[in-house]
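Student: Take this structure first; my questions come after.
The values are calculated or read from the model by the stated rules, or taken from the named source; none is laboratory data. Quick caveat: nothing in here was measured; it's all calculated off a predicted structure. As a convention, Cβ positions derive from the backbone with ideal geometry for all residues, glycine included, and neighbour counts pool all protein chains shown. Each accessible area value is taken on the protein alone, full model and side chains, heavy atoms only, with ligands, DNA and RNA left out. Shrake-Rupley method; radii C 1.70, N 1.55, O 1.52, S 1.80 Å.
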Amino acid sequence: DTGVSQNPRHKITKRGQNVTFRCDPISEHNRLYWYRQTLGQGPEFLTYFQNEAQLEKSRLLSDRFSAERPKGSFSTLEIQRTEQGDSAMYLCASRTTGDYEQYFGPGTRLTVT
Amino acid sequence: AQTVTQSQPEMSVQEAETVTLSCTYDTSESDYYLFWYKQPPSRQMILVIRQEAYKQQNATENRFSVNFQKAAKSFSLKISDSQLGDAAMYFCAYSSTNSGNTPLVFGKGTRLSVIA
């Protein structure tokens, strides 16, 4: 296994467009997290999946954001009607039950113009 | 809610010297994990070292060691024999150990520069 992967690595979009990011976790990891990291800040939690169930969303996740994890494998994060404030690095991480270390993907850098 | 504070936005160290990065946290929980993650420029975040709160012994991984002071809620990272490849953002992170969602709570990070 090569670790957590994310696609695309970079996305430039115009304000008002929709974008979708994909995360492929480590195959045996049942827990998946999305974080957002803005310049000069640490990552902030967005949402969490245990298998296919989305169990928690942070207040940062406005109703323009939606995430899915069909069949408990890969996950997608969609942002509708993007705003300039959505520009950030979106990180995905996964872990297995009982191991609290999270393994991170390389991130998707979103720029909204 | 838990918080993590890193009071040093930037640090620098001469190659082969030792540097200590500070981290304090706030929690009402008695059992938890603490982590130091490294994020090199344009590269993904990787774990440097972890500490379980119920273990009194400080964790060590090669040139990296921590000073964990549970009562003071302090968790500093010491890097010995610094190398050019150590230059990166370093994030201190907290994880609860409850059975549900345990997102990492990060500090704002410390940018470490290594001077040749």
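Student: Taking B:THR97 and the conditions (1) facing chain A (nearest Cβ under 10 Å); (2) touching a residue at least 60 places away in the same chain (Cβ under 8 Å); (3) crowded, with 19+ Cβ neighbours inside 10 Å, which numbered condition does it fall short on, given that it satisfies the others?
Tutor: Exception for B:THR97: condition (3).
Residue by residue, here is whether (1) open to solvent by 30 Å² or more (accessible area, probe 1.4 Å); (2) touching an Asp or Glu at 6+ places or on another chain (Cβ under 9 Å); (3) over 25 Å from B:TYR54 (Cα atoms) holds:
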residue	(1), (2), (3)
B:LYS73	yes, yes, no
B:LEU77	no, no, no
B:GLY85	yes, no, yes
B:LEU104	no, no, no
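Student: Among (1) open to solvent by 50 Å² or more (accessible area, probe 1.4 Å); (2) more than 11 Å from every other protein chain (Cβ to nearest Cβ); (3) not basic (Lys, Arg), which single condition is B:TRP36 missing?
Tutor: Only one criterion is unmet by B:TRP36, namely (1).
Student: Now, a different point. If we keep just the residues of the range B:7-33 that are in a loop (DSSP other than H, G, I, E, B), in contact with a Leu (Cβ under 8 Å, 6 or more places away or on another chain) and open to solvent by 20 Å² or more (accessible area, probe 1.4 Å), which is nearest to the other protein chains (Cβ to nearest Cβ)?
Tutor: Applying the filter and picking the extreme gives B:GLN8.
Student: When A:GLU28 is evaluated against the numbered criteria (1) loosely packed, with under 13 Cβ neighbours inside 10 Å; (2) more than 23 Å from B:ASN101 (Cβ to Cβ), which criterion, by number, is the only one it fails?
Tutor: (2)
Student: Looking at A:TYR48, A:TYR90 in this structure, which one is modelled with pLDDT of 90 or more and touching a Gly at 6+ places or on another chain (Cβ under 7 Å)?
Tutor: Step by step, each of A:TYR48, A:TYR90 is checked, and only A:TYR90 is modelled with pLDDT of 90 or more and touching a Gly at 6+ places or on another chain (Cβ under 7 Å).
Student: Restricting attention to the range A:10-35, which residues are of a type in the set (Lys, Arg) and either away from chain B (no Cβ under 11 Å) or assigned to a loop (DSSP other than H, G, I, E, B) (or both)?
Tutor: Result: A:LYS11, A:LYS14, A:ARG15, A:ARG22.
Student: OK, next. Could you check, for the range A:32-47, whether at least one of its residues is under 18 Å from A:GLU101 (Cα atoms), without any contact (Cβ under 8 Å) to a residue 24 or more places away in the chain, touching a strand residue (DSSP E or B) at 6+ places or on another chain (Cβ under 7 Å) and open to solvent by 20 Å² or more (accessible area, probe 1.4 Å)?
Tutor: The answer is yes, given that some residue of the range A:32-47 is under 18 Å from A:GLU101 (Cα atoms), without any contact (Cβ under 8 Å) to a residue 24 or more places away in the chain, touching a strand residue (DSSP E or B) at 6+ places or on another chain (Cβ under 7 Å) and open to solvent by 20 Å² or more (accessible area, probe 1.4 Å).
Student: Taking the range A:98-113, which residues are farther than 18 Å from B:VAL105 by Cβ, polar (S, T, N, Q) and either at the interface with chain B (Cβ under 10 Å from one of its Cβ atoms) or open to solvent by less than 10 Å² (accessible area, probe 1.4 Å) (or both)?
Tutor: The answer is A:THR108, and nothing else.
Student: Of all the residues that make up the range A:75-106, how many are touching a residue at least 24 places away in the same chain (Cβ under 8 Å) and part of a loop (DSSP other than H, G, I, E, B)?
Tutor: Qualifying residue count, the range A:75-106: 10.
Student: Return the pairs, sorted by first residue and then second, in which the second residue is assigned to a loop (DSSP other than H, G, I, E, B) and among the hydrophobic types (A, V, I, L, M, F, W, C), the first residue lies in the range A:54-71 and is touching a residue at least 24 places away in the same chain (Cβ under 8 Å) and open to solvent by less than 20 Å² (accessible area, probe 1.4 Å), the beta carbons are less than 8 Å apart, and the residues are 6+ apart or on different chains.
Tutor: From residues that are touching a residue at least 24 places away in the same chain (Cβ under 8 Å) and open to solvent by less than 20 Å² (accessible area, probe 1.4 Å), the pairs are A:ALA67/A:LEU61.
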